[in-house]
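What follows is a single structure, written as structure tokens, with notes after it.
The values are calculated or read from the model by the stated rules, or taken from the named source; none is laboratory data. Source: prediction; values computed, not measured. Please note: Cβ atoms are built from the backbone with ideal geometry, for glycine as well, and neighbour counts cover all protein chains shown.
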């Protein structure tokens, strides 16, 4: 297992620019915020963003990392599933190979915990090691 060169399409996707999935999640954040009657200024203040940054997230121009996602759902007092649940069907071609077959990956508590933990890792080498470890374990389970 090489750690010097990324072998994962997923690690490339994590660092990529916002995509259709980011737009869908941002739209869901806006819809939930409006449904609850919470202004952008109030939500931005609750989660530590400027109104402009929240607007960029809601419009899909800025990615919402796991830590921010958790702050948003806590501030709105909604389950994470509200942003990923019923009817969440992003364009699967935006996912790395193999992930498009995973239907409810974003709804599981384990995945949310993994996203939060991954987001807390600041060292890029440590992040890459974790991605490679997960891929190695997955290959062992799939074979």
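Odds and ends about this structure:
- Of all residue pairs spaced 6 or more apart or on separate chains, those with beta-carbon atoms under 6 Å, a first member in segment 27-55 that is surrounded by 14 or more Cβ atoms within 10 Å (Cβ to Cβ) and a second member that is outside any helix (DSSP H, G or I) are 32/78.
- Among the conditions (1) in contact with a helix residue (DSSP H, G or I) (Cβ under 6 Å, 6 or more places away or on another chain); (2) outside any loop (DSSP other than H, G, I, E, B); (3) modelled with pLDDT of 85 or more; (4) crowded, with 19+ Cβ neighbours inside 10 Å, the only one that residue 64 does not satisfy is (2).
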